[in-house]
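For reference, the structure discussed in these notes is given below.
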Amino acid sequence: MRSQRIGLIAEDLSDIEVIKILAKKVTTRPMSFSHFVGRGCGPLKRKTPAWCNNLHLKGCTRVLLVHDNDRNDHKDLRKILEEVIAAAPQKDKVVVIPTEELEAWLLSDESAIGTALNLRKPPTSVQHPERIASPKEHLQRAVRQASGKKVQYVNSVHNQTIANKIDIALVARKCPSFKPFQAFFREKA
């Protein structure tokens, strides 16, 4: 099976690294990545068309744009992002919008959080992580509480470690926004 080169565009480098890890958990197909980081939503929206062209020149035949929903209107944000990516030269492109933040996906598996951060007990289970208003802050509080205030969660440090331990089936079951991500990596060799 031939390796495919996939272009990733996200808000920060931590998100890119988590996306790569989760993608490899979703499929066993060989793939490699090139990426661009928006460093915030404004630059991401403005620069995505040029980045898609650059990724195409690097051999990326598929592109994935990941943008946290934060507190935006989901339909409006999706419309804007799909317009931004519409002119991309890649035939296969998708917009994925984690509801509120990518960290909601990580909240799906409390055992992974506990193991990844060497907590004496895992944080309390969250049945609907995408209903959490600020998943990053929730994760920070949950880790602090589960560790007896001994471990300080830092997304740029710990997200990759959690993603490495996460049960992808839990993410898929608990987070509807994960489904387009999963479909993107399971489709089209």
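The values are calculated or read from the model by the stated rules, or taken from the named source; none is laboratory data. Please read these numbers as outputs of a predicted model, since none were measured by experiment. Quick reminder, even Gly has a Cβ in these numbers, built from the backbone with ideal geometry, and neighbours come from all protein chains shown. Ligands, DNA and RNA are excluded from the accessible area calculation, which covers all protein heavy atoms including side chains. Shrake-Rupley method; radii C 1.70, N 1.55, O 1.52, S 1.80 Å.
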- Message: If I fit a long axis through the Cα atoms of helix 155-165 and take the longest principal axis of the Cα atoms of the chain, what angle between them do I get, 0 to 90°, rounded to 10?
- Response: 90 degrees
- For the range 20-86, take the alpha-carbon Rg, divide it by the Kirkwood Rh, and send me Rg/Rh. 0.99
- Task: Using Cα pairs closer than 8 Å and at least 6 residues apart in sequence, work out the relative contact order for the range 85-138, in percent.
- Result: 37 percent
- Specify the angular offset, from 0 to 90 degrees and rounded to the nearest 10, of the alpha carbon long axis of helix 13-26 from the longest principal axis of the alpha carbons in the chain. 90 degrees
- Note on the structure: Rg from C-alpha atoms of the chain, normalised by the globular rule of thumb 2.2 N^0.38 Å, equals 1.02
- Under a 10 Å cutoff between Cα atoms, tell me which one of Cys52, Cys60, Cys41 has the largest fluctuation in the Gaussian network model of the chain. Cys41
- 1.4 Å probe accessible area per residue over the chain, in Å²: 49 Å²
- Contact order normalised by residue count of the chain, Cα under 8 Å, 6+ apart, percent: 23 percent
- Of all accessible heavy-atom area on the chain, the percent that carbon and sulfur account for (1.4 Å): 50 percent
- Among Val63, Val154, Val171, which one moves the most in a GNM of the chain with springs linking Cα atoms closer than 10 Å? Val154
- Task: Return the single residue from Ser32, Ser177, Ser111 with maximal mean-square fluctuation; model: Gaussian network over the chain, springs between Cα atoms under 10 Å.
- Result: Ser32
- Item | Debye, to nearest 20: dipole size of the chain, +1 on Lys, Arg Cβ, -1 on Asp, Glu Cβ | 480 debye
- Between 0 and 90°, nearest 10: helix 135-146 axis offset from the chain longest Cα axis: 30 degrees
